[in-house]
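The values are calculated or read from the model by the stated rules, or taken from the named source; none is laboratory data. Predicted, not measured: the structure shown is a model, and the values here were computed from it. Every residue, glycine as well, gets a Cβ built from its backbone with ideal geometry; the counts of neighbours run over all protein chains shown. Remember, those area values only see protein heavy atoms, side chains included, never the ligands or the DNA or RNA. Shrake-Rupley method; radii C 1.70, N 1.55, O 1.52, S 1.80 Å.
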Amino acid sequence: MKYLFEKQTKMILESLTFTKTLFAFDFDGTLTPLINEYENAKISDQILELLALLRSFAPVAIVSGRNAKELKTILNFKPTFLVGNNRLVGLDKGNNIDFKYEKICKTWYHDLKEKLFPNEKNDLGISLENKKYSIAIHYRKSRQKKIAKKYIQDVLTGLSSSPKIVWGKSVVNVIPMGAPHKGMALLDVIEKSGCTNAFYIGDDVTDEDVFNLHHSNIIKVRVGLKKNSAAKYYIKNQKEIKNLLLFLTESFCKNSKGH
Ligand SMILES: [Mg+2]
């Protein structure tokens with residue numbers, strides 16, 4: 001992986017401001033710092049301002065695995081494109097296959113609820129979220145993360161329809177095989193935007209579905225250096241998102257003055 005703010009890479013970034021580029025951002029852990037109360041996540045005023053400025057120059061997408069409804073209520077920004085439930089919001093793709101995934105997730109949700117909260121509660125700080133096409137089990141609030149993780153692992157072994165299990169940052173994603181993911185969603189957004197290039201940044205395991213796309217015109221950036229990531233570039237931490245947005249918006253401003 002290469003650091004995004006090296007001289008050469010900065011030139012590539014700058015060149016994006018001369019071409020038809022879509023700028024796509026993961027939400028949690030990328031635009032917002034990861035917090036224990038994930039339902040209270042908000043984009044800071046400063047990042048919000050920079051995003052709005054960027055959107056005045058180019059299409060901006062927020063790409064999240066969060067439930068679309070919930071995402072709309074917590075998102076204090078109106079992007080050009082919004083992806084929730086790993087699906088482009090507004091793109092009518094509802095079909096039997098989606099229904100099948102939804103049904104599987106519903107069954108899992110009830111199963112997991114019974115097993116994780118046998119007495120209607122759980123002392124390990126675990127919470128369960130039905131994201132329509134996937135289930136998320138959070139344990140960020142847990143004070144005994146190792147025990148919580150082991151507990152979740154045990155519960156997951158009994159699930160039907162052999163799910164794809166993706167361990168993220170204090171969260172486990174339980175996904176039906178073949179269900180929509182961020183990579184598929186981003187391709188839909190690129191197509192809809194009519195852009196020839198895209199920039200994508202994300203911080204977690206589910207973003208690897210974007211990083212693994214075989215698409216040479218996507219600049220893929222990870223928040224945090226990680227050995228086995230398929231992303232080509234990285235920024236050091238979530239705080240650097242500000243520098244990224246500053247750099248992009250300044251480059252756009254410079255361009256527009258030159259014309
Ligand atoms: Mg994230």
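Find out how many positive minus negative residues lie around Leu34, taking Lys and Arg as positive, Asp and Glu as negative, among other residues whose Cβ is under 14 Å from that of Leu34.
0
By average Cβ neighbour count within 10 Å, what is the ranking of 241-248, 193-200, 43-50 from highest down?
Per-residue Cβ counts within 10 Å, averaged per peptide and sorted highest first, yield 193-200, 241-248, 43-50.
Summarise the accessible area of the chain (1.4 Å probe, protein heavy atoms) by the percent that is carbon and sulfur.
That fraction is 51 percent.
Based on the Cβ-Cβ distance of Glu49 and Lys115, what FRET efficiency does E = 1/(1 + (r/R0)^6) give at R0 = 51 Å, to the nearest 0.05?
Calculated value: 0.70.
Roughly how tilted is helix 241-258, in degrees to the nearest 10 and between 0 and 90, from the longest Cα axis of the chain?
Roughly 30 degrees between the two axes.
Calculate the spin-label point distance for Lys146 paired with His214, positioning each point 7 Å from the Cα along the beta-carbon direction, and give it in nanometres.
So the label points at His214 and Lys146 sit 4.2 nm apart.
Using a ≥ b ≥ c from the Cα gyration tensor of segment 96-175 (square roots of the eigenvalues), is it rounded, prolate or oblate, where a/c under 1.5 gives rounded and otherwise the larger of a/b and b/c decides, a/b for prolate?
Taking the square roots of the gyration eigenvalues as a ≥ b ≥ c, segment 96-175 is prolate.
Assuming 0.36 nm per residue, please report the length gained on full extension of the stretch Phe5 to Lys103 beyond their Cα-Cα distance.
30.8 nm
Return one number: the angle in degrees, 0 to 90 and rounded to the nearest 10, between the long axis of the Cα atoms of helix 7-16 and the longest principal axis of the Cα atoms of the chain.
Once rounded, one gets 90 degrees.
Can you work out the Karplus-derived ³J(HN,Hα) for every residue in segment 154-167? Use 6.51 cos²θ - 1.76 cosθ + 1.60 with θ = phi - 60°, whole Hz, and x for glycine or proline.
Result, ordered by residue: 4, 5, 5, 4, x, 6, 7, 6, 4, x, 8, 9, 10, 7 Hz.
Any idea of the accessible area per residue across the chain, 1.4 Å probe, to the nearest Å²?
For the chain, the solvent-accessible area averages 51 Å² per residue.
May I ask for the net charge around Val210, where only other residues with Cβ less than 13 Å from the Cβ of Val210 are counted and Lys, Arg are +1 while Asp, Glu are -1?
-3
As a test, work out the antiparallel percent of DSSP beta bridges whose residues both lie in the chain, rounded to the nearest 5.
Of the beta bridges lying entirely in the chain, close to 40 percent run antiparallel.
Mind checking the angle between helix 96-116 and the chain's longest principal axis? C-alpha axes, 0 to 90 degrees, to the nearest 10.
Around 50 degrees separate the two axes.
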